[in-house]
Amino acid sequence: MKRYTTVEAAVVLVVENLEANHIACNTECVRNRVYSWYSHSDVTDPEMLAACALMGKDWYPGATYQDILDAKEWWFPKNPYNEISIWEIEAAQHDAMWW
């Protein structure tokens with residue numbers, strides 16, 4: 001099997017997620033599932049590939065891009081603190097000091 005850095009990064013994410021949840025996994029099976037999604041879709045983001053593999057399914061013809069986005073949001077939700085500007089954080093800290 002060929003090894004791709006995107007696939008390997010996704011495999012690491014899946015294995016770490018499963019191990020963090022105390023679930024034993026076979027790395028080769030995880031790699032095959034991730035590669036299935038990689039080779040049949042246009043996804044090149046490791047988190048998206050990992051989320052697809054964590055859904056517990058190999059790629060299937062009915063999979064839509066929205067399914068992939070939903071899986072990523074479920075397994076790797078956005079951190080709302082990354083979307084706040086430093087100005088807003090400093091203003092909130094300034095307001096908190098005056099209470």
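The values are calculated or read from the model by the stated rules, or taken from the named source; none is laboratory data. Just so you know, these numbers come straight off a predicted model, no measurement behind them. Glycine also receives a Cβ, built like all others from the backbone with ideal geometry; neighbour counts cover every protein chain displayed.
A search for C-beta distances below 9 Å between a residue of the stretch 33-44 that is touching a residue at least 12 places away in the same chain (Cβ under 8 Å) and closer than 11 Å to Asp58 by Cα and any residue that is among the acidic types (Asp, Glu) and surrounded by 17 or more Cβ atoms within 10 Å (Cβ to Cβ), counting only pairs 6+ apart in sequence or on different chains, returns nothing. Residues satisfying the criterion are present in the stretch 57-65 (criterion: of a type outside the set (Lys, Arg), surrounded by 10 or more Cβ atoms within 10 Å (Cβ to Cβ), modelled with pLDDT of 90 or more and under 16 Å from the mean Cα position of the chain (by Cα)).
Counting only helices (runs of 4 or more DSSP H) that sit wholly inside the stretch 25-77, those with at least 2 residues that are over 17 Å from Val12 (Cβ atoms) are 27-40, 65-75.
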